[in-house]
């Protein structure tokens, strides 16, 4: 954890390495990954990058190496596609990682550190992630404690869209539960916390209301669902408090989901009329079913990943000829402008509308003439014949080969 925190800002340090042409950083709660396009000679330049990272973050090189996993070539795209598809997450198939991958790309693009290669890589991964969730059921069943808690409540009450959800405890699970409620479009949300200030802070980030523990009875009168997840050493929600709250609810049922270990809610609360109490054992049974269901989808997701990896390889090879395509278009545009200027001079004084139509015709002709050669050039490059076809195009169109720098 400490090492991950020290390496959380890999981007600026990576940018100081001469061997790095493009770079992007994916940082989540339990991973920090640097994606970099390196100059020729992967092994040598990779070692140079590791030296820069170790020195820049004041970490011993050997310690850094002990905590690294390294990928190169096609394995990089396969890894990021698996990450985006949720196959490499702590919770199999979780959807949050897809947004984190997108954010990493946007951040790098905005900073100017991601170019054509990494943009293609991240777009491919995002496509893999979206397809995995659209074409398989890898994310169909809730597989986190917070989402499962709401599913249990939904099973007891029906749709939660018009219900009121109370989260008791402003820790990590409390925050995840609020996030899950937000994703389910449950508009009425509240937080109750022992330290009211912390509860207010968490509630504000989700547009929820806040209660202190001294207002817990009133909060239970308000709520339809209460999810508890505190670090209390003993149950704090007694049958007496819940009983008083139920007497003020005019017969409305109350679902309590106790996610805490040890328990937050006295077991006798489940015997109160109108109260449905779920605990971690109920949750575990549901999670086991969800994970089993998701595991069954893994082979299908792997097929999606391999399809995207193959697509990435082809499109990455096509990038090799993009400078040539641009050069070909610049040559054609220069010829078009030269010939257009000559014909306009020969025609003399003509109507502006006629001049515009002639210029439009010249642009359309150039575009149509270059379209087929450009498509074929990229296709051949995608087949791994970039050098051969590039040489042929340069000879046919009289383009000078680039000099080695």
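Computed from Cα atoms, the angle from the helix 42-56 axis to the main principal axis of the chain rounds to 50 degrees. Above 27 Å, the calculated P(r) of the stretch 164-303 contains 23 percent of its Cα-Cα pairs. The C-alpha atoms of the chain define a longest principal axis, and helix 386-397 lies at about 40 degrees to it.
Using the alpha carbons alone, the radius of gyration of the stretch 234-356 stands to its Kirkwood radius in an Rg to Rh ratio of 1.60.
What is the gain in length, in nm to one decimal, between residue 399 and residue 60 on full extension, counting 0.36 nm per residue of separation less the C-alpha to C-alpha distance?
Numbers: separation 339, 0.36 × 339 = 122.04 nm, distance 4.93 nm.
Using 0.36 nm per residue and subtracting the Cα-Cα distance, I get 117.1 nm.
What FRET efficiency would be calculated for the residue pair residue 182, residue 295, taking the C-beta separation as r and a Förster radius of 25 Å, to the nearest 0.05? Provide the component values of the computation, followed by the final result.
Details: r = 28 Å, r/R0 = 1.10.
Efficiency, from the Cβ-Cβ distance: 0.35.
Quick check on packing: order 385-397, 75-87 by the mean number of other C-beta atoms within 10 Å, highest mean leading.
Working: 385-397: 14.7, 75-87: 23.4.
By packing density, highest mean first, the sequence is 75-87, 385-397.
Over the C-alpha atoms of the stretch 131-244, the Rg to Rh ratio, Rh being the Kirkwood estimate, stands at 1.00. Label-to-label distance, residue 135 versus residue 117, with points set 7 angstrom from Cα along the beta-carbon direction: 2.7 nm. Could you state the number of Å between the C-alpha centres of the stretch 70-86 and the stretch 280-338? The stretch 280-338 and the stretch 70-86 have Cα centres separated by 10 Å. Rg/Rh for the stretch 320-397 stands at 1.13; both radii use Cα atoms, and Rh follows the Kirkwood definition. Note that the chain shows a convex hull volume over its alpha carbon atoms of 216 Å³ per residue. Viscosity 1.002 mPa s, temperature 20 °C: what is the translational diffusion coefficient of the stretch 66-113 from Stokes-Einstein with a Kirkwood Rh over Cα pairs, rounded to a whole number of µm²/s? In µm²/s, the coefficient rounds to 180.
Kirkwood hydrodynamic radius, the stretch 257-322, all distinct C-alpha pairs: what's the number in Å?
Details: mean 1/r = 0.0617 Å⁻¹.
Every distinct Cα pair counted, the radius reaches 16.2 Å.
Build a GNM of the chain with springs between Cα atoms under 10 Å apart, and of 145, 239, 226 the one that fluctuates most is 239. Computed from Cα atoms, the angle from the helix 96-111 axis to the main principal axis of the chain rounds to 40 degrees.
Quick note: the coordinates plus some simple rules give every number you see, no bench work behind them. Note that the coordinates shown come from a computational prediction; the quantities given were computed from them, not determined experimentally. For neighbour counting, all protein chains shown are included, and Cβ atoms are generated from backbone atoms with ideal geometry for every residue, glycine included.
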